[in-house]
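Written below as structure tokens is the structure these notes are about.
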Amino acid sequence: MLSRKIIAASITGSLFSVMLGLIAADPFAGEVNSAGDYFQGVILSIPFYLLYSFPVILVYGTVTSVISDCIVLFFSNHTNRKLEFYISLLLHLLFGLILLGLSLAAAVLFFVTDIVLRRKQIGGWRNALKSLCLPVFIWIVFMGGVYLMDVGGICVYCPSQPMFVRTQWNSKMQISQYTIPSIAHKLKSG
């Protein structure tokens, strides 16, 4: 049971950070003016959300889910087994109310993931350890995107920056930037 909860936490933490990144792309930037700004915000925010939400989901979500399953097991032995699903959902929602909206969404996602894993009978400690690679992989991929944006390897159209910027080092180790419009202007005037 604990191994299945760790797998559910790995999947939930990864999905939650990606979904939150798509919904609230770069909450520190203000309004988004273009698709390029939106995608930059998504790439920047997903590692941030993953870094802070995954440990909470892994520790708090796993512990509370195990507690709710123990409570459900106790009640299902003394009452109708058909109520097991609803009692478990109610307990996940109650434990998820700690931070209201965000934690409630994570609790529902954890509950759904755990139900799917239980029905497909996926578990085991080997799979639990493998599942911990998923958030690490997502973090590395999106941090790689942040790095590529930082060094200029990814061109995302931004209206405040000139299009088609080419950066070169000159002989004095200074950076020169050429844009298509500035090159055309130099050809006309020169």
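What does the extension gain come out to for Ile23 and Ile115, with contour length at 0.36 nm per residue minus their alpha carbon separation?
Length gained, Ile23 through Ile115: 30.7 nm.
Describe numerically, in nm with one decimal, the distance between label points set 7 Å from Cα along Cα→Cβ at Val32 and at Leu148.
1.8 nm
Express the accessible area of region 19-60 per residue in Å², computed with a 1.4 Å probe while the remaining protein chains stay in the model.
Computed with neighbouring chains in place, this is 58 Å² per residue.
The values are calculated or read from the model by the stated rules, or taken from the named source; none is laboratory data. Everything numeric in this text was worked out from a predicted model, so none of it was measured. Note that we place each Cβ from the backbone using ideal geometry, even for glycine, and neighbour counts take in every protein chain shown. Side chains included, ligands, DNA and RNA excluded: accessible areas come from the protein's heavy atoms. Shrake-Rupley method; radii C 1.70, N 1.55, O 1.52, S 1.80 Å.
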